[in-house]
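A short write-up of the structure that comes next.
The values are calculated or read from the model by the stated rules, or taken from the named source; none is laboratory data. Bear in mind that the values here come from a model prediction, so they are computed numbers and not experimental data. When we count neighbours, we look across all protein chains shown, and the Cβ atoms used for this are built from the backbone with ideal geometry, even at glycine. Accessible surface areas use protein heavy atoms only, side chains included; no ligands, DNA or RNA. Shrake-Rupley method; radii C 1.70, N 1.55, O 1.52, S 1.80 Å.
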Amino acid sequence: MKTERMMTGRGLQGFAWVLTTLAMALTSTGCGDECVDDFDCRDQGSAPAGQRYTCVENKCELTSIPVPDAGTETDAGTTTDAGTTTDAGTSTDAGATTDAGTTTDAGATTDAGTMTDAGTSTDAGTTTDAGTETDAGTTTDAGTETDAGTTTDAGTDPCETTTYDPKLGTLQLQSGFVAGESASLPASAGPVGVTPGPTYSLYTVVSGSSTGPHALYSLGTWPQVSLGTAPLFDVAAPADRTAGTKLFLSPFVETDGQRVFTGYTKSGAGFPGSVGVYDVSAPANSTYVSAPSNFSAGVVPGAFLINGGGLDTASAGLAVYALKTDSSPFTALKVGTLPPETGGSGFTAVATNGVAMLGYFSDDTFLNEGRAVAPAAITEALRSGTPFAVADAPALDVGSNFVAASGHGEGVSVLRGDYVPPDYNFAGTDVSRFAFAVTDEGATVTVGTRQPVLVYADQCTRVTGMTAIGVDLLVGVDDKNGPRLVRIQQAPQFR
(Lines give C-alpha, C1' and ligand atoms only; values in the text may rest on other atoms or scores of the structure.)
Protein backbone atom coordinates (compact mmCIF):
# COMPACT_ATOMS: atom_id res chain seq x y z
CA MET A 1 0.00 0.00 0.00
CA LYS A 2 1.26 3.47 -0.82
CA THR A 3 0.44 6.26 1.60
CA GLU A 4 0.14 9.97 1.03
CA ARG A 5 2.98 12.25 2.09
CA MET A 6 1.20 15.23 3.60
CA MET A 7 2.49 18.18 5.55
CA THR A 8 0.97 20.23 8.33
CA GLY A 9 1.27 23.95 8.86
CA ARG A 10 3.24 24.82 11.98
CA GLY A 11 5.42 27.77 11.09
CA LEU A 12 8.93 27.21 9.81
CA GLN A 13 9.40 24.21 12.10
CA GLY A 14 6.73 22.10 10.46
CA PHE A 15 4.89 24.00 7.76
CA ALA A 16 4.53 22.77 4.23
CA TRP A 17 7.28 25.07 3.03
CA VAL A 18 9.81 23.41 5.31
CA LEU A 19 10.97 20.79 2.91
CA THR A 20 12.82 18.73 5.49
CA THR A 21 9.50 16.99 6.01
CA LEU A 22 8.76 16.11 2.41
CA ALA A 23 9.95 12.87 0.85
CA MET A 24 7.76 12.72 -2.21
CA ALA A 25 4.62 14.19 -3.67
CA LEU A 26 1.03 13.21 -2.98
CA THR A 27 0.31 9.75 -4.30
CA SER A 28 -2.71 8.51 -6.14
CA THR A 29 -3.65 5.73 -3.74
CA GLY A 30 -3.74 5.38 -0.01
CA CYS A 31 -5.87 5.02 3.08
CA GLY A 32 -6.63 6.78 6.32
CA ASP A 33 -3.63 5.28 8.12
CA GLU A 34 -0.92 7.71 9.05
CA CYS A 35 1.90 5.31 8.17
CA VAL A 36 2.83 1.77 7.25
CA ASP A 37 6.53 2.03 8.13
CA ASP A 38 9.06 4.46 9.59
CA PHE A 39 9.69 5.89 6.12
CA ASP A 40 6.16 7.34 6.07
CA CYS A 41 6.78 9.20 9.34
CA ARG A 42 9.29 11.61 7.80
CA ASP A 43 6.26 13.86 7.11
CA GLN A 44 6.17 14.69 10.82
CA GLY A 45 9.12 17.04 10.58
CA SER A 46 12.30 17.14 12.62
CA ALA A 47 12.01 15.20 15.87
CA PRO A 48 13.31 16.69 19.16
CA ALA A 49 16.92 15.94 20.02
CA GLY A 50 17.41 12.34 21.08
CA GLN A 51 14.12 11.19 19.57
CA ARG A 52 12.78 9.93 16.25
CA TYR A 53 9.39 9.21 14.71
CA THR A 54 8.51 5.53 14.28
CA CYS A 55 5.41 3.87 12.90
CA VAL A 56 3.48 2.15 15.72
CA GLU A 57 0.13 0.56 14.79
CA ASN A 58 -0.16 2.84 11.75
CA LYS A 59 0.50 5.98 13.79
CA CYS A 60 3.67 8.07 13.87
CA GLU A 61 4.95 8.28 17.45
CA LEU A 62 8.04 9.77 19.08
CA THR A 63 10.49 7.25 20.51
CA SER A 64 13.89 7.71 22.14
CA ILE A 65 17.10 7.06 20.22
CA PRO A 66 19.74 5.32 22.38
CA VAL A 67 23.03 6.87 21.37
CA PRO A 68 25.88 5.48 23.50
CA ASP A 69 28.50 8.13 24.13
CA ALA A 70 32.12 7.34 23.38
CA GLY A 71 32.90 8.21 27.02
CA THR A 72 30.05 6.33 28.68
CA GLU A 73 30.89 2.93 27.31
CA THR A 74 33.21 0.75 29.40
CA ASP A 75 36.43 2.35 28.39
CA ALA A 76 40.00 1.17 28.08
CA GLY A 77 40.85 2.41 31.58
CA THR A 78 37.83 1.10 33.48
CA THR A 79 38.19 -2.54 32.51
CA THR A 80 40.59 -4.69 34.57
CA ASP A 81 43.91 -3.60 33.19
CA ALA A 82 47.22 -5.30 32.71
CA GLY A 83 48.44 -4.14 36.16
CA THR A 84 45.39 -4.99 38.23
CA THR A 85 45.16 -8.67 37.32
CA THR A 86 47.53 -11.11 39.08
CA ASP A 87 50.69 -10.07 37.30
CA ALA A 88 53.90 -11.75 36.29
CA GLY A 89 55.65 -10.74 39.55
CA THR A 90 52.95 -11.56 42.07
CA SER A 91 52.27 -15.06 40.86
CA THR A 92 54.33 -17.94 42.39
CA ASP A 93 57.77 -17.24 41.05
CA ALA A 94 60.23 -19.66 39.52
CA GLY A 95 62.55 -19.21 42.59
CA ALA A 96 59.90 -19.57 45.24
CA THR A 97 58.97 -23.12 44.37
CA THR A 98 60.82 -26.07 45.93
CA ASP A 99 64.21 -25.88 44.24
CA ALA A 100 66.06 -28.72 42.53
CA GLY A 101 68.76 -28.61 45.34
CA THR A 102 66.49 -28.50 48.36
CA THR A 103 64.60 -31.65 47.62
CA THR A 104 66.03 -34.98 48.74
CA ASP A 105 68.73 -35.38 46.20
CA ALA A 106 70.21 -38.28 44.25
CA GLY A 107 72.61 -39.47 47.15
CA ALA A 108 76.21 -39.46 48.52
CA THR A 109 77.98 -39.44 45.27
CA THR A 110 78.79 -36.21 43.89
CA ASP A 111 75.30 -35.62 43.39
CA ALA A 112 72.98 -33.10 42.14
CA GLY A 113 72.78 -31.67 45.66
CA THR A 114 76.55 -31.42 46.51
CA MET A 115 77.55 -30.01 43.27
CA THR A 116 76.90 -26.46 42.67
CA ASP A 117 73.29 -26.93 43.10
CA ALA A 118 70.62 -25.70 40.82
CA GLY A 119 69.37 -23.87 43.87
CA THR A 120 72.73 -22.44 45.06
CA SER A 121 73.68 -21.02 41.75
CA THR A 122 72.11 -17.89 40.80
CA ASP A 123 68.63 -19.08 41.13
CA ALA A 124 65.87 -18.44 38.74
CA GLY A 125 64.24 -16.59 41.59
CA THR A 126 67.21 -14.45 42.58
CA THR A 127 67.84 -13.04 39.19
CA THR A 128 65.90 -10.06 38.31
CA ASP A 129 62.49 -11.48 38.69
CA ALA A 130 59.73 -11.10 36.19
CA GLY A 131 57.90 -9.26 38.96
CA THR A 132 60.72 -6.84 39.80
CA GLU A 133 61.05 -5.63 36.28
CA THR A 134 59.02 -2.67 35.36
CA ASP A 135 55.66 -4.30 35.63
CA ALA A 136 53.06 -4.31 32.87
CA GLY A 137 50.81 -2.59 35.39
CA THR A 138 53.27 0.10 36.45
CA THR A 139 53.75 1.50 33.00
CA THR A 140 51.40 4.20 31.85
CA ASP A 141 48.11 2.41 31.96
CA ALA A 142 45.64 2.28 29.10
CA GLY A 143 43.21 3.91 31.51
CA THR A 144 45.45 6.82 32.38
CA GLU A 145 45.76 7.95 28.79
CA THR A 146 43.38 10.63 27.54
CA ASP A 147 40.08 8.83 27.66
CA ALA A 148 37.75 8.56 24.66
CA GLY A 149 35.20 10.31 26.83
CA THR A 150 37.40 13.22 27.89
CA THR A 151 38.12 14.40 24.37
CA THR A 152 35.53 16.39 22.42
CA ASP A 153 32.44 14.35 23.03
CA ALA A 154 30.38 12.77 20.25
CA GLY A 155 27.37 14.69 21.63
CA THR A 156 28.83 18.16 21.09
CA ASP A 157 27.00 20.05 18.30
CA PRO A 158 29.54 21.45 15.82
CA CYS A 159 26.87 23.86 14.57
CA GLU A 160 27.23 25.80 17.82
CA THR A 161 30.84 26.75 17.11
CA THR A 162 31.02 27.00 13.31
CA THR A 163 31.22 30.35 11.50
CA TYR A 164 28.05 31.77 9.93
CA ASP A 165 27.68 34.32 7.14
CA PRO A 166 25.04 36.91 8.16
CA LYS A 167 22.95 36.11 5.08
CA LEU A 168 23.75 32.58 3.95
CA GLY A 169 24.95 30.97 7.17
CA THR A 170 27.13 28.00 6.21
CA LEU A 171 25.76 27.76 2.65
CA GLN A 172 28.38 28.44 0.01
CA LEU A 173 27.49 30.78 -2.87
CA GLN A 174 28.79 29.56 -6.22
CA SER A 175 30.43 31.38 -9.11
CA GLY A 176 28.05 33.40 -11.26
CA PHE A 177 25.71 34.42 -8.40
CA VAL A 178 25.61 37.12 -5.75
CA ALA A 179 23.61 37.47 -2.54
CA GLY A 180 21.43 40.58 -2.58
CA GLU A 181 19.15 41.90 0.13
CA SER A 182 18.09 39.73 3.03
CA ALA A 183 15.29 40.08 5.56
CA SER A 184 14.26 38.28 8.73
CA LEU A 185 11.23 36.03 8.30
CA PRO A 186 8.64 35.70 11.07
CA ALA A 187 8.88 32.29 12.69
CA SER A 188 5.17 31.67 12.10
CA ALA A 189 5.42 32.22 8.34
CA GLY A 190 4.82 29.36 5.95
CA PRO A 191 5.28 29.28 2.17
CA VAL A 192 5.89 32.67 0.57
CA GLY A 193 4.47 34.07 -2.69
CA VAL A 194 5.71 37.19 -4.48
CA THR A 195 3.83 39.40 -6.95
CA PRO A 196 5.34 39.93 -10.44
CA GLY A 197 6.68 43.41 -9.64
CA PRO A 198 8.20 45.89 -10.18
CA THR A 199 7.01 46.37 -6.59
CA TYR A 200 7.24 42.99 -4.92
CA SER A 201 4.44 42.33 -2.43
CA LEU A 202 4.83 39.18 -0.33
CA TYR A 203 2.17 36.84 1.07
CA THR A 204 2.33 33.83 3.36
CA VAL A 205 0.10 31.29 5.09
CA VAL A 206 0.16 31.04 8.89
CA SER A 207 -1.11 27.92 10.60
CA GLY A 208 -0.79 26.90 14.23
CA SER A 209 -1.54 23.21 13.71
CA SER A 210 -3.27 20.78 11.38
CA THR A 211 -6.62 21.76 12.94
CA GLY A 212 -6.12 25.45 12.25
CA PRO A 213 -6.76 28.24 12.05
CA HIS A 214 -5.15 28.55 8.62
CA ALA A 215 -4.98 32.06 7.18
CA LEU A 216 -3.37 34.08 4.42
CA TYR A 217 -1.37 37.10 5.61
CA SER A 218 0.52 39.95 4.00
CA LEU A 219 4.29 39.96 4.53
CA GLY A 220 4.76 43.54 3.37
CA THR A 221 6.85 44.72 0.44
CA TRP A 222 10.35 43.45 -0.26
CA PRO A 223 12.70 43.97 1.48
CA GLN A 224 10.60 45.46 4.33
CA VAL A 225 9.25 42.10 5.49
CA SER A 226 6.78 41.99 8.39
CA LEU A 227 3.71 39.93 9.17
CA GLY A 228 0.39 41.74 8.79
CA THR A 229 -1.61 42.45 11.91
CA ALA A 230 -4.76 40.71 10.65
CA PRO A 231 -5.47 37.76 8.34
CA LEU A 232 -6.59 38.48 4.79
CA PHE A 233 -8.31 35.22 3.93
CA ASP A 234 -9.30 31.92 5.52
CA VAL A 235 -7.45 29.21 3.61
CA ALA A 236 -10.04 26.59 4.61
CA ALA A 237 -13.22 26.43 2.56
CA PRO A 238 -16.42 26.93 4.64
CA ALA A 239 -17.22 23.19 4.66
CA ASP A 240 -13.79 22.43 6.22
CA ARG A 241 -13.92 24.90 9.10
CA THR A 242 -15.52 22.50 11.57
CA ALA A 243 -13.59 22.28 14.83
CA GLY A 244 -11.10 19.43 14.79
CA THR A 245 -10.95 19.07 10.99
CA LYS A 246 -7.38 18.28 9.99
CA LEU A 247 -6.02 20.01 6.91
CA PHE A 248 -2.67 19.37 5.28
CA LEU A 249 -1.55 22.61 3.70
CA SER A 250 0.03 22.44 0.27
CA PRO A 251 3.57 23.86 -0.03
CA PHE A 252 2.74 26.80 -2.28
CA VAL A 253 1.52 30.38 -2.32
CA GLU A 254 1.29 31.67 -5.89
CA THR A 255 0.16 35.08 -7.12
CA ASP A 256 -0.38 36.76 -10.48
CA GLY A 257 -0.55 40.19 -8.83
CA GLN A 258 -4.35 40.27 -8.82
CA ARG A 259 -5.03 37.03 -6.97
CA VAL A 260 -3.27 34.83 -4.43
CA PHE A 261 -3.57 31.06 -4.75
CA THR A 262 -3.28 28.57 -1.86
CA GLY A 263 -4.33 24.95 -1.26
CA TYR A 264 -4.73 22.01 1.13
CA THR A 265 -5.78 18.36 1.23
CA LYS A 266 -7.40 16.01 3.78
CA SER A 267 -7.15 12.34 4.61
CA GLY A 268 -9.51 10.03 2.77
CA ALA A 269 -10.05 8.34 -0.56
CA GLY A 270 -8.46 10.44 -3.30
CA PHE A 271 -7.24 12.93 -0.68
CA PRO A 272 -10.00 15.53 -1.09
CA GLY A 273 -8.92 19.15 -0.94
CA SER A 274 -9.47 22.67 -2.15
CA VAL A 275 -7.61 25.62 -3.58
CA GLY A 276 -8.45 29.13 -2.47
CA VAL A 277 -8.31 32.15 -4.76
CA TYR A 278 -7.98 35.41 -2.85
CA ASP A 279 -8.88 38.55 -4.82
CA VAL A 280 -6.46 41.27 -3.70
CA SER A 281 -8.53 44.28 -4.82
CA ALA A 282 -11.98 42.78 -4.18
CA PRO A 283 -11.77 40.30 -1.26
CA ALA A 284 -15.51 39.64 -1.46
CA ASN A 285 -14.92 38.00 -4.85
CA SER A 286 -12.53 35.44 -3.36
CA THR A 287 -13.52 31.84 -3.95
CA TYR A 288 -12.69 28.15 -3.39
CA VAL A 289 -12.42 25.36 -5.95
CA SER A 290 -12.38 21.61 -5.26
CA ALA A 291 -8.90 20.19 -5.95
CA PRO A 292 -8.10 16.69 -4.65
CA SER A 293 -4.43 15.86 -4.10
CA ASN A 294 -3.31 19.36 -5.11
CA PHE A 295 0.41 19.52 -4.46
CA SER A 296 2.09 22.28 -6.45
CA ALA A 297 1.08 25.25 -8.57
CA GLY A 298 2.44 27.87 -10.94
CA VAL A 299 1.32 30.96 -12.83
CA VAL A 300 1.11 31.27 -16.63
CA PRO A 301 -0.62 34.06 -18.55
CA GLY A 302 -4.35 33.86 -17.85
CA ALA A 303 -4.23 30.77 -15.61
CA PHE A 304 -2.95 28.96 -12.55
CA LEU A 305 -1.47 25.50 -13.17
CA ILE A 306 -2.15 22.81 -10.55
CA ASN A 307 -0.37 19.48 -10.27
CA GLY A 308 -2.84 17.16 -8.55
CA GLY A 309 -5.73 14.73 -8.81
CA GLY A 310 -8.40 16.99 -10.26
CA LEU A 311 -9.84 20.50 -10.33
CA ASP A 312 -13.51 21.43 -10.01
CA THR A 313 -15.41 19.32 -12.60
CA ALA A 314 -12.19 18.33 -14.42
CA SER A 315 -11.34 15.13 -12.59
CA ALA A 316 -9.14 12.61 -14.35
CA GLY A 317 -6.65 11.43 -11.72
CA LEU A 318 -3.09 12.65 -11.35
CA ALA A 319 -2.40 15.20 -14.08
CA VAL A 320 -1.71 18.88 -14.72
CA TYR A 321 -4.81 21.06 -14.51
CA ALA A 322 -5.43 24.74 -15.14
CA LEU A 323 -7.78 27.27 -13.59
CA LYS A 324 -8.35 29.88 -16.28
CA THR A 325 -8.69 33.28 -14.65
CA ASP A 326 -9.09 35.40 -17.79
CA SER A 327 -12.86 34.90 -17.80
CA SER A 328 -15.66 34.91 -15.21
CA PRO A 329 -16.52 32.50 -13.78
CA PHE A 330 -13.18 30.72 -13.72
CA THR A 331 -12.87 27.64 -15.95
CA ALA A 332 -11.09 24.42 -14.97
CA LEU A 333 -9.60 21.97 -17.46
CA LYS A 334 -6.96 19.28 -17.78
CA VAL A 335 -3.96 20.54 -19.74
CA GLY A 336 -1.26 17.89 -19.26
CA THR A 337 -1.05 14.11 -18.89
CA LEU A 338 1.62 12.52 -16.70
CA PRO A 339 3.56 9.39 -17.77
CA PRO A 340 2.45 5.84 -16.79
CA GLU A 341 5.21 5.48 -14.17
CA THR A 342 3.78 8.39 -12.17
CA GLY A 343 3.26 7.39 -8.57
CA GLY A 344 2.56 10.83 -7.16
CA SER A 345 2.14 14.50 -7.90
CA GLY A 346 5.24 16.56 -8.60
CA PHE A 347 6.63 20.07 -8.59
CA THR A 348 5.68 23.04 -10.75
CA ALA A 349 7.87 26.05 -11.57
CA VAL A 350 7.52 28.61 -14.37
CA ALA A 351 10.44 30.54 -15.90
CA THR A 352 10.21 34.13 -17.10
CA ASN A 353 10.30 32.94 -20.74
CA GLY A 354 7.11 30.92 -20.20
CA VAL A 355 8.66 27.45 -19.93
CA ALA A 356 6.99 25.39 -17.19
CA MET A 357 8.90 22.70 -15.36
CA LEU A 358 6.20 20.13 -14.62
CA GLY A 359 7.05 17.21 -12.40
CA TYR A 360 5.91 13.86 -11.06
CA PHE A 361 7.09 11.25 -8.61
CA SER A 362 8.36 8.21 -10.54
CA ASP A 363 7.66 4.70 -9.34
CA ASP A 364 10.48 3.55 -11.64
CA THR A 365 13.25 5.71 -10.15
CA PHE A 366 11.65 6.48 -6.79
CA LEU A 367 12.65 10.11 -7.38
CA ASN A 368 10.97 13.36 -8.30
CA GLU A 369 11.36 14.01 -12.01
CA GLY A 370 10.96 17.27 -13.97
CA ARG A 371 10.19 18.07 -17.62
CA ALA A 372 10.50 21.43 -19.39
CA VAL A 373 7.21 22.05 -21.24
CA ALA A 374 7.32 24.65 -24.01
CA PRO A 375 5.17 27.78 -23.69
CA ALA A 376 3.50 27.11 -27.04
CA ALA A 377 2.30 23.71 -25.80
CA ILE A 378 0.77 25.29 -22.70
CA THR A 379 -0.93 28.05 -24.70
CA GLU A 380 -2.43 25.54 -27.11
CA ALA A 381 -3.72 23.30 -24.32
CA LEU A 382 -5.38 26.28 -22.63
CA ARG A 383 -6.98 27.30 -25.93
CA SER A 384 -8.12 23.91 -27.21
CA GLY A 385 -8.58 21.87 -24.05
CA THR A 386 -6.44 19.11 -25.56
CA PRO A 387 -3.77 18.07 -23.04
CA PHE A 388 -0.10 17.83 -23.92
CA ALA A 389 1.99 14.82 -22.81
CA VAL A 390 4.48 15.86 -20.12
CA ALA A 391 6.69 12.89 -21.06
CA ASP A 392 7.21 14.40 -24.55
CA ALA A 393 9.06 17.38 -23.06
CA PRO A 394 12.83 17.31 -22.39
CA ALA A 395 13.87 16.11 -18.94
CA LEU A 396 16.00 17.95 -16.40
CA ASP A 397 19.10 15.91 -15.61
CA VAL A 398 18.95 16.59 -11.87
CA GLY A 399 21.16 13.65 -10.91
CA SER A 400 19.47 13.10 -7.54
CA ASN A 401 16.17 13.59 -5.77
CA PHE A 402 14.87 17.14 -5.36
CA VAL A 403 12.29 18.52 -2.97
CA ALA A 404 11.57 22.07 -4.14
CA ALA A 405 11.54 24.01 -7.39
CA SER A 406 11.13 27.64 -8.39
CA GLY A 407 11.33 29.81 -11.44
CA HIS A 408 14.69 31.56 -11.65
CA GLY A 409 14.89 33.98 -14.55
CA GLU A 410 14.85 32.11 -17.87
CA GLY A 411 15.18 28.81 -16.07
CA VAL A 412 14.36 27.07 -12.80
CA SER A 413 16.24 26.18 -9.65
CA VAL A 414 15.74 22.99 -7.63
CA LEU A 415 16.75 21.96 -4.11
CA ARG A 416 18.69 18.70 -4.42
CA GLY A 417 19.28 16.13 -1.72
CA ASP A 418 17.45 13.18 -0.20
CA TYR A 419 15.90 11.71 2.94
CA VAL A 420 18.37 9.87 5.13
CA PRO A 421 17.53 6.90 7.40
CA PRO A 422 16.89 6.13 10.18
CA ASP A 423 14.86 9.32 10.79
CA TYR A 424 14.41 10.23 7.12
CA ASN A 425 15.14 13.88 7.75
CA PHE A 426 15.99 15.70 4.55
CA ALA A 427 19.71 16.28 3.94
CA GLY A 428 20.28 18.94 1.30
CA THR A 429 23.29 18.98 -0.99
CA ASP A 430 22.75 22.10 -3.10
CA VAL A 431 20.44 24.46 -4.95
CA SER A 432 21.09 24.17 -8.69
CA ARG A 433 19.76 26.07 -11.69
CA PHE A 434 18.81 24.83 -15.18
CA ALA A 435 18.60 27.44 -17.94
CA PHE A 436 15.92 27.09 -20.65
CA ALA A 437 16.47 28.25 -24.23
CA VAL A 438 13.29 28.69 -26.31
CA THR A 439 13.20 28.52 -30.10
CA ASP A 440 10.66 27.88 -32.91
CA GLU A 441 8.33 30.59 -31.67
CA GLY A 442 8.00 28.98 -28.27
CA ALA A 443 7.56 25.42 -29.49
CA THR A 444 10.99 24.02 -28.65
CA VAL A 445 12.89 24.07 -25.36
CA THR A 446 16.53 23.18 -24.76
CA VAL A 447 17.53 22.45 -21.17
CA GLY A 448 20.98 23.60 -20.09
CA THR A 449 23.38 21.71 -17.86
CA ARG A 450 23.04 21.91 -14.11
CA GLN A 451 24.68 24.99 -12.58
CA PRO A 452 25.15 24.99 -8.76
CA VAL A 453 23.90 28.14 -7.03
CA LEU A 454 24.25 27.32 -3.33
CA VAL A 455 26.14 24.34 -1.91
CA TYR A 456 25.70 22.84 1.55
CA ALA A 457 28.97 22.77 3.52
CA ASP A 458 27.12 20.97 6.33
CA GLN A 459 23.58 20.68 7.68
CA CYS A 460 23.92 23.64 10.07
CA THR A 461 22.08 25.97 7.66
CA ARG A 462 19.09 24.69 5.70
CA VAL A 463 17.21 25.93 2.68
CA THR A 464 13.56 25.92 3.74
CA GLY A 465 11.94 27.05 0.50
CA MET A 466 12.33 28.95 -2.75
CA THR A 467 10.20 31.28 -4.84
CA ALA A 468 10.81 33.64 -7.74
CA ILE A 469 11.20 37.38 -7.23
CA GLY A 470 11.30 38.93 -10.68
CA VAL A 471 14.24 37.33 -12.52
CA ASP A 472 15.90 36.42 -9.23
CA LEU A 473 15.52 33.65 -6.65
CA LEU A 474 14.22 34.28 -3.13
CA VAL A 475 15.57 31.59 -0.82
CA GLY A 476 14.30 30.78 2.65
CA VAL A 477 17.21 30.05 5.00
CA ASP A 478 17.14 28.80 8.59
CA ASP A 479 19.85 28.09 11.18
CA LYS A 480 20.73 29.02 14.76
CA ASN A 481 20.52 32.71 13.77
CA GLY A 482 16.85 32.39 12.83
CA PRO A 483 14.76 32.18 9.64
CA ARG A 484 15.31 34.72 6.89
CA LEU A 485 14.86 35.37 3.19
CA VAL A 486 17.83 36.00 0.89
CA ARG A 487 17.63 37.28 -2.67
CA ILE A 488 20.02 35.43 -5.00
CA GLN A 489 20.87 37.25 -8.21
CA GLN A 490 22.86 36.25 -11.26
CA ALA A 491 26.10 38.19 -11.51
CA PRO A 492 25.80 40.89 -14.23
CA GLN A 493 28.28 39.21 -16.55
CA PHE A 494 26.21 35.99 -16.51
CA ARG A 495 22.79 37.50 -17.22
Over region 172-256, what percent of the accessible surface lies on carbon and sulfur atoms, probe 1.4 Å? 53 percent
The local net charge around GLY370, scoring Lys/Arg +1 and Asp/Glu -1 for residues other than GLY370 whose Cβ lies under 12 Å from its Cβ, equals +1
For a Förster distance of 30 Å, can you work out the FRET efficiency between the beta-carbons of ASP418 and ASP392, rounded to the nearest 0.05? 0.60
Starting from the Cα of LYS246, draw a straight line to each of the lysines and keep only those under 22 Å, dropping any in the same chain fewer than 8 residues away. LYS2, LYS59, LYS266
Expected output is a single nm value to one decimal: the length gained when fully extending between LYS246 and ALA230, i.e. 0.36 nm times separation in residues minus the C-alpha distance. What is it? 3.5 nm
Describe numerically, in nm with one decimal, the distance between label points set 7 Å from Cα along Cα→Cβ at LYS480 and at THR449. 3.8 nm
In what sequence, highest mean first, do 217-225, 258-266, 441-449 appear when ranked by Cβ atoms within 10 angstrom? 258-266, 217-225, 441-449
What distance in nm lies between label points placed 7 Å from Cα along the C-beta direction at ARG383 and THR161? 6.5 nm
Taking all protein chains in place and a 1.4 Å probe, what share, in percent, of the accessible surface of region 281-363 do carbon and sulfur account for? 51 percent
Roughly speaking, what is the stretch gain from THR365 to ASP279, that is 0.36 nm per residue apart minus the C-alpha to C-alpha distance, in nm to one decimal? 27.0 nm
